[in-house]
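Okay, structure first, notes after.
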Amino acid sequence: MATIGLSKPYYAIYSNDGNTVTYSNGGLIGKATELTLELEEGDSNNFYADNAVAETDNQFSGGTITLSTDDLLPSPMLAILGLKQEAMDVDGVTTDSPQWIVYDDDQAIPYVGFGGIIKAKQNGQTKWIAVVFNKIQFANPGISAVTQGETIEWQAKELTATVMRDDSVKHGWQMQSTPMDTEADAEAAIKDALNITNPNSTLGTLTVSGAAGSETGETEITVAPPITYGNHYVYQVNTDVTLPAEYGEDVSSWTPWNGMSAIQATTGQEIGVVEADAANKAVKAGKATVTAKEGA
C-alpha cells in the first residue's frame, strides 16, 4: 500500500483516573502537510538457552512525532501548548480585538491524544487509514521565516511531540485502522477514539464588566473569556438589552466593537456584548449595567 496523502490532524486533551483514560475539548490543529514518527531504539532483552537466544523482548520505549501544518491558529495553539491570551491595547491598531499569546511561567503543556488520516493506494483504489497516538506532549515550537523574494517560498509550521505509553492497563501508545473506504469514515474513527463531538449549538456565556471611562459619558468594558480567533464583538446599549436567545442568531444589526475602545453610554443603562462569527452569528453573549463617567 503506497502512501499518497495526509489530512485532518486532530488533538484532544488527555487525562486519566488510575487506569481509566479519557479525552476532552478536542479539535483540529490545522491542515496537515507532513507527519513523521521516529521511534527510540529499545535495547534487546534476550534470554539464552542451549547456547542460543531462546526468547527476546523489545518493547516500545518512546518516540517523537514531527508535524507540519499550513498554519497554527490561536485556539489549538492555546490548547496544546497550555498558553494564555491577553488583550492588546495599542493606540492606532484597527484590528478587531487583537490579543497577545503569552509564554511565561504559567505555561503548563498538557498531555494530548493525537490523530491523523493517511491517504493510500491499494490495488489501484484510494483508501484512508486513521492513526491515533494515545498520549503525546508537544514542545514549544521555534520560529523560522524567510523574507519574500521574487517568488514565494512556502513555509509550513512545524511541531514536535514526545510519544508516550498511556496509563491504561496495557499502556497503549498507537492505534491504526484497517483501510477505510472514505476519508469521512477515517475521520469519524479518530473523533470517536478522541471523544471529539461536533460543537454544541448552545449559546456560550460572556462575563461583561465595566468601569467609568476617561471622558464624560464613556464606559470602559472588559469581556471574558478571551475572544476566539476569527470572531468579533458587537454590542447594544439600552435601558433593557435583550441578548440573543440561541446560538447562531443573526446579530448583524448590532454595533461592531473592537474589544478595546470606550463606549458612549449612560450610568444605569444595560450594555450587551455578543461574540459573533464571521457570518455575524451569535456564539457567546453577556451583559452588564453601565457605569459611565459623569460630567463635571
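In sequence order, region 161-174 has phi-based couplings of 8, 8, 9, 10, 7, 7, 9, 5, 4, 9, 6, x, 9, 8 Hz under the Karplus curve 6.51 cos²θ - 1.76 cosθ + 1.60, θ = phi - 60°, and Gly or Pro positions carry x. Cross-link pairs exceeding 29 Å in C-alpha to C-alpha distance, out of Lys135/Lys157; Lys191/Lys287; Lys170/Lys191; Lys8/Lys170; Lys84/Lys170, comprise Lys191/Lys287; Lys84/Lys170.
Dipole magnitude for the chain: computed about the Cα centre from +1 point charges on Lys and Arg Cβ and -1 point charges on Asp and Glu Cβ, it is near 620 debye. The alpha-carbon of Lys127 sits under 13 angstrom from the alpha-carbons of these aspartates and glutamates, leaving out residues fewer than 8 places away in its chain: Asp181, Glu183, Asp185, Glu187. Straight-line reach from Lys293: taking Cα to Cα under 13 Å and skipping same-chain neighbours fewer than 8 places apart, the aspartates and glutamates in range are Glu215, Glu218, Glu220. Would you calculate a helix-derived [θ] at 222 nm for the chain, using -39,500 (n - 2.57) for each DSSP H run of n ≥ 4 and dividing by the full residue count, to the nearest 500? For the chain, the value works out to -2000 deg cm²/dmol.
Labels on offer are (i) 189; (ii) 152; (iii) 218, and the one holding volume of the Cα convex hull per residue in Å³ computed from this structure is (iii). Farthest towards the positive end of the charge dipole of the chain, among the residues Ile190, Ile263, Gly26, is the Cα of Ile190, using unit charges on the Cβ of Lys, Arg, Asp and Glu. The simple spin-label model puts a point 7 Å past each Cα toward its Cβ; for Thr94 and Thr255 those points are separated by 2.0 nm.
Here r is the Cβ-Cβ distance between Lys170 and Gln148 and R0 is 45 Å; the resulting FRET efficiency, rounded to 0.05, is 0.35. Considering only Val102, Val163, Val93, the Gaussian network model of the chain with Cα springs below 10 Å gives its largest mean-square fluctuation to Val93.
Each value in this text was obtained by applying a stated rule to the coordinates, not by laboratory testing. Nothing here was measured: the structure is a model prediction, and the numbers come from that model. Heads up, the Cβs are rebuilt from the backbone with ideal geometry, glycines too, and the neighbour counts pull from every protein chain shown.
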